[in-house]
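The block underneath contains the structure these notes are about, expressed in structure tokens.
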Amino acid sequence: MNTSLPTVRLTPKANARALRRGFPWVYSNELVLDRRTKGLAPGTVALLEDAERTPLGLVGVTPGSKIAGRMLDRNTEAVIDRAWLTAKLQKALSLRARLYDAPFYRLVHAEADGLPGVIIDRFGDVAVVQPNAAWSELLLNDLVAALAEVSGVTTILKNAGSRGRQLEGLDDVNAVLLGDAPDAPLPVEMNGATYLADLTGGQKTGLFFDQRANQAFAASLAQGQTVLDVFSHVGGFALAALANGATHALAVDGSAPALALASEGAARMGATDRFETRQGDAFDALAALNEENARFGLVVCDPPAFAPAKPALEAGLRAYERVAKLAAPLVEEDGYLVLCSCSHAADLSSFTGACLRGIGRAGRHAQLLHTGFAGPDHPLMPQLAESGYLKALVFRL
């Protein structure tokens, strides 16, 4: 056993069975937080034992966080170092290389890829890393070296803007970890469309790969349709629809820089004459379009997480219901409505219920055609419901 590591122990009331079956987190109320454990530096790798002192595995410990321990390896002999990181990254890359013919994807999806709290999105020769757990911040130099070796990327950027880093007590300072930051947004081809990803100034890592399959399904309904894409960011659904035969698309977003990137993407596709944008609050824009009696063959609403955590669930579900109620009247008879949620706390059935209440309150009848989730480069960890955050419902009204 790895006797050189500090030891942390579960309380007698902790759910050791769940951890044995693969649950990856130890909550602070499940850990004996004595003075020694509280004194461990955030991110320290420690040996986890149950209340009877039976070893369970190696964890990254953040004593001050609600998630006080993250399971790194169930093999207590493992050494958490650059070679260990290299092996994890090779496993992650082998899956993506099989799934995609171009190197644009989520390369590491945190717990599901065995690297708790770590997100890595790949844009060709550039990778954007979110080290959202303290253990990964401590090992960041090794992670960068392993990532460059395994993937061959020549530029690695650190994005430190996530809420998770705040909860772990980490800074919010972005950095260039390898190579030179791109001096312009990078073009990314998906579903026949061209997107521009701002890797240094944009949201999250610059582009949302998770909606790729849902955008493809929605685009398959777009031939000959007018399209409304609300909360559009850099034109995710709108540009895919234009690439697949939509006659016109209107993108609505609160961010002027995001809409400028969407417009540039449309221009690169030769679709400027079929594309327009409207900047402002999405709810205000939906209300205004209703006042204008606007109608579209395909309407998509892909809002930010209205229910990022349990306390926000009720208010979040009301917000999703309101989106559906405002969006449904804008859909032509026999047209299509796509409603999305990236809220961890709202499960599929409660999100579906909120959408159907909103559609019903708008006086419309719905057929549910398709239920979509994040693409396979965002694998699910079955023991961790939170890893299945994205839901997309496609209705015919």
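Brief remarks follow.
- Computed helical MRE - 222 nm, the chain, DSSP H runs ≥ 4 contributing -39500 (n - 2.57), nearest 500: -8500 deg cm²/dmol
- Segment 40-144 pair-distance distribution - Cα-Cα, 10 Å bins, rounded %: 15, 45, 28, 11, 2
- For peptides 309-318, 114-123, sequence by mean Cβ density within 10 Å, most packed first: 114-123, 309-318
- Along the axis of the charge dipole computed for segment 222-349 (Cβ charges of +1 for Lys and Arg, -1 for Asp and Glu, origin at the Cα centre), the listed residues 289, 235, 324 are led at the positive end by 235.
- Anisotropy class of segment 1-80 from Cα gyration tensor, a/c 1.5 cut: rounded
- The residues of the chain present an accessible area of 42 Å² per residue when probed at 1.4 Å with all protein chains retained.
- Separation of the residue 348 and residue 256 label points, Cα + 7 Å toward Cβ, nm: 4.2
- When only Cα pairs below 8 angstrom with a gap of at least 6 residues are kept, the chain shows a relative contact order of 11 percent.
- Anisotropy class of segment 141-183 from Cα gyration tensor, a/c 1.5 cut: oblate
- Flagged links, alpha-carbon separation over 20 Å, of 13/310; 91/158; 310/391; 66/310; 38/310: 13/310; 91/158; 38/310
- Top positive-direction residue, dipole computed over the chain with Cβ charges, set 156, 135, 201: 135
- Of all accessible heavy-atom area on the chain, the percent that carbon and sulfur account for (1.4 Å): 51
- Kirkwood-type radius of segment 301-369, with distances r between different C-alpha atoms, in Å: 12.0
- For segment 209-269, the C-alpha radius of gyration sits at 1.00 times the compact-globule guess of 2.2 N^0.38 Å, with N the residue count.
- Take every pair of alpha-carbon atoms less than 8 Å apart whose residues are at least six positions apart; their mean separation over the length of segment 284-397 yields a relative contact order of 30 percent.
- Area projected by the alpha carbon convex hull of the chain, averaged over all directions, nm²: 19.4
- Beta bridge orientation in the chain: antiparallel %, DSSP, nearest 5: 65
- Three-way shape label, segment 267-397, alpha-carbon gyration tensor, a/c 1.5: prolate
The values are calculated or read from the model by the stated rules, or taken from the named source; none is laboratory data. Since the model is a prediction, treat every value here as computed from it, not as a measurement. Counting neighbours? That spans all protein chains shown, and the Cβs are built from the backbone with ideal geometry, glycine included. Note: accessible area is taken over every heavy atom of the protein model, side chains too, but ligands, DNA and RNA are not part of it. Shrake-Rupley method; radii C 1.70, N 1.55, O 1.52, S 1.80 Å.
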